[in-house]
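The values are calculated or read from the model by the stated rules, or taken from the named source; none is laboratory data. All of these numbers come straight from a predicted model, not from anything done at the bench. No Cβ is skipped: glycine too gets one built from the backbone with ideal geometry, and neighbour counts run over all protein chains shown. The area values use the complete protein model at the heavy-atom level, side chains included, leaving out ligands, DNA and RNA. Shrake-Rupley method; radii C 1.70, N 1.55, O 1.52, S 1.80 Å.
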Amino acid sequence: MSVVLNEEERKASVEEASSVPLDTSFRMAVRRRWDYFHKPLLSIVVGAVVFGTGTALSLLYFTHVGNVPYLVGPLFLSMGLMFLVTGLVWIPIIKQKMVHTAMSQMGHDRPLLPQRGSCATIS
């Protein structure tokens, strides 16, 4: 028994089969991950842009090409580096917090080593 589809029905069935539903677990995982990491990533991007601007302004000042005030280049360099390092350090902290939260939700709150005086004795 064969079913013959016309061109429009075939295209509609292909589009329906290839479309990803909005409530998939993959999209939810990506969204949750973005919710956690959007602030550190924004900090890294802003820091890189400000650091690059500070580098360019410092080069312009020290080569005497442009009329750049004395402290603008180093100020942008230090602010950009501060944002960049803050974002880079923030990511492992969030990852560690996610692992800790997942472990505590699974019920792994018992200590890894037995408490002192609670070892089993053989009699």
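Structure above, values below:
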| item | result |
| --- | --- |
| Among the residues listed as 70, 61, the single one being open to solvent by 50 Å² or more (accessible area, probe 1.4 Å), modelled with pLDDT under 95 and not in a helix (DSSP H, G or I) | 70 |
| Test for residue 82: is it at pLDDT below 90, surrounded by 10 or more Cβ atoms within 10 Å (Cβ to Cβ) and either aliphatic (A, V, I, L, M) or not in a helix (DSSP H, G or I) (or both) | no |
| Residue count for region 96-123, restricted to those that are at pLDDT below 90 and assigned to a helix (DSSP H, G or I) | 10 |
